Amino acid sequence: MPPTPHTATVTFCRRVAVGAFAAGALRALLVASVAAAAVLLGLRLFGRHAAPQPAWAFAAAPVLAFGWWNARRQRLGRAAAAAHLDRRLGLGGLLICRDEGVELDAPQQRQLAAGLVALPTALPRIRWRALLPWPAAALLLAAGIALLPPPPAPPLPLSQSAAAAELDRLQERMRDLFARGEVPADTRHELERTLQELQHELAAADVPQWRDLDELERRLDREGLLQAAAAEAPAQAGPVSTPGAPTDPLTPAALAAAAEALAAVGRLDGLPAELQAMLQQAQRDGAFAADLLPQDAEALRRLAAAMAAAAQQPGALQDLAALGGDKLADLRDVLSQFGGGSAPGEGGSDVGGEGEGAGRGGVDRGPGHAALALTEAAAGGADGAMPLPPGQPVPTEWVPLGSRRIEPETAPVANTGGGGQGASGLGGASWQLQLAPRHRAIVRRYFDAGAPANGEDKR
Amino acid sequence: MTTMMTAAEVDRARTLLGAVRDGCNAVLLGQDELVDLAMIALCARGHLLLEGLPGLGKTELVKALGRLLGLTFRRVQFTPDLLPGDITGGPILQEREGEKVFVFQPGPLFANLVLADEINRASPKTQSALLEAMQEHAVTVLGETHALPRPFFVLATQNPIELEGTYPLPEAQLDRFLFKVEVPGVSADVMTQILTSRRRGQPPAAAVALSAAELDELFALVDRVFLPQAVASYVARLVAATHPQRAESPAEVQQAVRYGASPRAAIAIGEAARAAALLAGRPNVDFADVQRVAVPALAHRLVLQHTAVVGGTTATALVRTLLERVPAVGRPLPEAVQ
């Protein structure tokens, strides 16, 4: 049964509409896929990841809409469809005439019906080979990018509640610290200001970094330790000079006792020959006599400075600590006036001139100096570089790779005892040096480059 | 609802046309396409301009048509000294009932079939005398209009190589010709057939194939051929594309054509396509009929740029380009389907 001219024309129109819809939808799919691939790739480049979600299915809506719009735009009218079909079937214009309402006689209708039998072969074919490849390739590309494993997650940011709890805890600790003992006024103000800044930052819904909280806690730790050391010092070694406070004058007796202590641990050998000769002359019955020492203040100061330097030699303090008793107390008096053991800051002494030894305006890392602790051995330490996490841009300055709580390896020493003549170091005590990883090797080279030519250890 | 002419009517038309066509083919051997175009022009009631070298049978074709159709036939040999009055006729002083009066004496144009041989040899003045006759089927002399007999056909010939002392037809007159047909040469086989079948080249005597009534019947049948809207649109787009200033015009046309075809060309194509459809046995015009008559109906109506003429571009080639570029159906299929 051949189709009627109307049916044939409608079928032809429908096939054309399907082709136009497919072309439009595939074109939209191509654009959408390329855009999606670009967005996903961009997110990847910026270290983000969008996992596939069922909601993505809604992206099919604009694709289908564009296909529908294209089908409407390229919709073939019945007259045009009849003309196309007439030409394809070779009907000699009979179908066109019939579509335009011309009445055909029986032989012409039979001729038309016979021609319409071949309608399936005359219907337009969709050019899938031309339409499919690019959209399919783009879709596969977008799907491939979307299905890539997610990049390593960045460190979780500090949550608001955790930051608030941590700040409360630090505030409590600060209150205990201030209640436990004396804290220098400027230090106290600085700590309180830091805490307030963090609290304001938290109040402004800007979560503070763990690094800042840890820094504050570290400072509280340090101040607590300094407070404890300051409280212990008077009990063990008498009065301790505090910054700005007047110090006791050096006496030959104290110097003699200190020399006794150094001699007991064999640390007098490091003194200059001139001073060693001076001490040699002051010996009586195997001990140093105060009355045999020079009585002028300058000579005594030089001697005291040299002994203080000797006491700072590596291991000297440990040896001296083993002596205990009065010898150590005498030595502490000397050292306290010449920066030995606990003088803070580098060059922070008020002593004029640029001398060589500590307390004379030279490089003095102060009594608070501790061994350069490079924290624990870890990847990214001074011994080796650690690659940045994938997706992270190369930092221009430095970037915190992590923040952990560790116990300091060096026992702090009270930030007491300034430079010579009661002048204390102005710099902060450096019981713990904070160094960026890339600087550690430089610092280590600087200090480990070998002892100076005169045998003086820079440290 | 329009009624298509019946298959019986189509068969009748084919029979009538076949008789004339067979007679022409018997006279003019090996020129089937030329005979068909002449038949189409005749059925469309248009004038025909034949262009070709001497001796190809142009005059013989016209004479055969006149004999086959039983029409009055006149031949006018156009020369440079031919005057308009020589072809239209003129008043002659005669004595009637004792009075001398001017009596119009019809010229050779007063015939059904006029052969204007070597029309480009006549002066423009004489050529223009044909304008009214060809368009209005009437002649006006001394303010008096005389109707020409119906049907009236002008079949003109011109020689394309002897241009010395000739006057090329102006565009206005060319436009009056339905077709301009270039008469091709014949093959060696055809010449052999002519040599063996005819003494001194004399064609067989053609008997009258159609009576005047049958010719009128044929014309009526041609008028009943249906021209669909889609095909008419194709004709219109085809003619519009000959104008170089149109956006849809192909680049070749825009470069080579100075003036495109007039609406008269579209009318000519439509009428010729009806006759072509009937000749092909169709009750309606198809795109193929338009394509068949487009070249002879359009080519002589295009005015080419001088540079294009010098460059060897021909109007025939341009019309063929148009036929390739202008889609038959106004709304082409989307690219997504084939």
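The values are calculated or read from the model by the stated rules, or taken from the named source; none is laboratory data. For clarity, every value in this text was computed on a predicted model and none was experimentally measured. Quick reminder, even Gly has a Cβ in these numbers, built from the backbone with ideal geometry, and neighbours come from all protein chains shown.
Table: residues versus (1) part of a loop (DSSP other than H, G, I, E, B); (2) out of contact with any Pro (no Cβ under 9 Å at 6 or more places or on another chain); (3) touching a residue at least 24 places away in the same chain (Cβ under 8 Å); (4) closer than 26 Å to residue B:55 by Cβ.
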| residue | (1), (2), (3), (4) |
| --- | --- |
| B:80 | yes, yes, yes, yes |
| B:85 | no, yes, yes, no |
| B:100 | no, yes, no, no |
| B:109 | yes, yes, yes, no |
| B:125 | no, no, yes, no |
| B:133 | no, yes, yes, no |
| B:151 | yes, yes, yes, no |
| B:154 | no, yes, yes, yes |
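Going by the conditions given, is residue B:183 hydrophobic (A, V, I, L, M, F, W, C), crowded, with 16+ Cβ neighbours inside 10 Å and out of contact with any Gly (no Cβ under 8 Å at 6 or more places or on another chain)? Don't jump to the end; show me each part of the working.
Working: hydrophobic (A, V, I, L, M, F, W, C): yes; crowded, with 16+ Cβ neighbours inside 10 Å: yes; out of contact with any Gly (no Cβ under 8 Å at 6 or more places or on another chain): no.
In short, no.
Of all residues in segment A:3-16, which are of a type in the set (A, V, I, L, M, F, W, C) and within 13 Å of another protein chain (Cβ to nearest Cβ)?
Filtering segment A:3-16 down to residues of a type in the set (A, V, I, L, M, F, W, C) leaves A:8, A:10, A:12-13, A:16.
Scanning segment A:3-16 gives A:12, A:13, A:16.
Being in contact (Cβ under 8 Å) with a residue 12 or more places away in the chain and either at negative phi or of a type in the set (Gly, Ala, Ser) (or both): is that true of residue B:251 here? It would help to see each step written out before you state the result.
Values: in contact (Cβ under 8 Å) with a residue 12 or more places away in the chain: no; either at negative phi or of a type in the set (Gly, Ala, Ser) (or both): yes.
Answer is no for this residue.
Within the set of pairs 6 or more residues apart or between chains, which connect a residue that is among the polar types (S, T, N, Q) inside segment B:256-281 to a residue that is part of a loop (DSSP other than H, G, I, E, B) with Cβ atoms less than 7 Å apart?
B:262/B:175
Taking the conditions exactly as written (buried (at least 16 other Cβ atoms within 10 Å of the Cβ) and either over 15 Å from the mean Cα position of the chain (by Cα) or over 15 Å from residue B:153 (Cα atoms) (or both)), does residue B:122 satisfy them or not? Walk me through how you get there before you give the answer.
Details: buried (at least 16 other Cβ atoms within 10 Å of the Cβ): yes; either over 15 Å from the mean Cα position of the chain (by Cα) or over 15 Å from residue B:153 (Cα atoms) (or both): yes.
Here the answer is yes, as residue B:122 does meet what is asked.
Could you tell me whether residue B:179 is hydrophobic (A, V, I, L, M, F, W, C) and in contact with a Lys or Arg (Cβ under 8 Å, 6 or more places away or on another chain)? Step through it out loud before you land on a result.
Details: hydrophobic (A, V, I, L, M, F, W, C): yes; in contact with a Lys or Arg (Cβ under 8 Å, 6 or more places away or on another chain): no.
No; evaluated as a whole, the condition is false for this residue.
Is there any pair linking a residue in segment B:236-248 that is at pLDDT below 90 to one that is small (Gly, Ala, Ser) and not in a loop (DSSP other than H, G, I, E, B), with Cβ under 8 Å and at least six apart or on different chains, and which?
Hits for this filter: B:246/B:240; B:248/B:240.
Suppose we filter segment A:46-77 for residues that are more than 60 Å from the chain's Cα centre (by Cα) and more than 9 Å from chain B (Cβ to nearest Cβ); how many remain? It would help to see each step written out before you state the result.
Of segment A:46-77, the ones more than 60 Å from the chain's Cα centre (by Cα) are A:75-77.
Adding the requirement that they be more than 9 Å from chain B (Cβ to nearest Cβ) leaves A:75.
Residues that pass the stated criteria total 1.
Got at least one residue in segment A:190-203 being under 30 Å from residue A:13 (Cα atoms) and of a type outside the set (Asp, Glu)? Can you show your working first?
Let us first name the residues in segment A:190-203 that are under 30 Å from residue A:13 (Cα atoms), namely none.
For segment A:190-203, residues under 30 Å from residue A:13 (Cα atoms) and of a type outside the set (Asp, Glu): absent.
In the list A:71, A:55, which residue meets the criterion of being among the small types (Gly, Ala, Ser) and either farther than 30 Å from residue A:32 by Cα or at pLDDT below 90 (or both)? Can you show your working first?
Working: A:71 fails: either farther than 30 Å from residue A:32 by Cα or at pLDDT below 90 (or both).
The conditions single out A:55.
Looking at segment A:17-31, is at least one residue within 14 Å of chain B (Cβ to nearest Cβ) and surrounded by fewer than 18 Cβ atoms within 10 Å (Cβ to Cβ)?
The answer is yes, given that some residue of segment A:17-31 is within 14 Å of chain B (Cβ to nearest Cβ) and surrounded by fewer than 18 Cβ atoms within 10 Å (Cβ to Cβ).
Collect the residues in segment B:279-317 that are within 14 Å of another protein chain (Cβ to nearest Cβ), in a loop (DSSP other than H, G, I, E, B) and β-branched (Val, Ile, Thr), keeping them in residue-number order. Give the steps one after another, and end with the answer.
Within segment B:279-317, the first condition is being within 14 Å of another protein chain (Cβ to nearest Cβ), and the residues that meet it are B:279-292.
Filter once more, so that each one left must be in a loop (DSSP other than H, G, I, E, B): B:280-283, B:285-286.
B:285, the sole residue that qualifies.
Is it the case that residue B:330 is outside any helix (DSSP H, G or I) and farther than 24 Å from residue A:107 by Cβ?
Yes, satisfied.
For segment B:47-105, which residues satisfy the criterion of being surrounded by fewer than 17 Cβ atoms within 10 Å (Cβ to Cβ) and among the hydroxyl-bearing types (Ser, Thr, Tyr)?
Selection gives B:72, B:79.
Tell me which residues, restricted to segment A:78-121, are in contact (Cβ under 8 Å) with a residue 60 or more places away in the chain and either facing chain B (nearest Cβ under 7 Å) or outside any helix (DSSP H, G or I) (or both).
Let us first name the residues in segment A:78-121 that are in contact (Cβ under 8 Å) with a residue 60 or more places away in the chain, namely A:78, A:81-82, A:84-85, A:95, A:98-99, A:112-114, A:116-117, A:119.
A:84, A:117, listed by residue number.
Considering B:276, B:336, which residue is within 14 Å of chain A (Cβ to nearest Cβ) and under 30 Å from residue B:11 (Cβ atoms)? Give the steps one after another, and end with the answer.
Details: B:336 fails: under 30 Å from residue B:11 (Cβ atoms).
So the residue among B:276, B:336 that is within 14 Å of chain A (Cβ to nearest Cβ) and under 30 Å from residue B:11 (Cβ atoms) is B:276.
This table checks each residue for (1) touching a residue at least 12 places away in the same chain (Cβ under 8 Å); (2) away from chain A (no Cβ under 14 Å); (3) more than 20 Å from residue B:217 (Cα to Cα).
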site	(1), (2), (3)
B:7	yes, no, no
B:26	yes, yes, yes
B:30	yes, yes, yes
B:40	yes, yes, no
B:48	yes, yes, yes
B:59	yes, yes, yes
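Out of all the residues in segment A:58-86, which are within 17 Å of residue A:135 (Cβ to Cβ) and aliphatic (A, V, I, L, M)?
Keep residues of segment A:58-86 that are within 17 Å of residue A:135 (Cβ to Cβ), which gives A:59-71.
Within segment A:58-86, A:59, A:60, A:61, A:63, A:64, A:65, A:71 meet the criteria.
Determine if segment B:235-244 includes at least one residue that is surrounded by 15 or more Cβ atoms within 10 Å (Cβ to Cβ), in contact with a Gly (Cβ under 8 Å, 6 or more places away or on another chain) and within 14 Å of another protein chain (Cβ to nearest Cβ).
Scanning segment B:235-244 turns up at least one residue that is surrounded by 15 or more Cβ atoms within 10 Å (Cβ to Cβ), in contact with a Gly (Cβ under 8 Å, 6 or more places away or on another chain) and within 14 Å of another protein chain (Cβ to nearest Cβ).
Looking only at segment A:196-214, count how many residues are in contact with a helix residue (DSSP H, G or I) (Cβ under 8 Å, 6 or more places away or on another chain) and in a loop (DSSP other than H, G, I, E, B).
3
Could you please give the count of residues in segment B:202-231 that are touching a residue at least 40 places away in the same chain (Cβ under 8 Å), under 24 Å from residue A:95 (Cα atoms) and among the polar types (S, T, N, Q)?
Summing the residues that are touching a residue at least 40 places away in the same chain (Cβ under 8 Å), under 24 Å from residue A:95 (Cα atoms) and among the polar types (S, T, N, Q) in segment B:202-231 gives 0.
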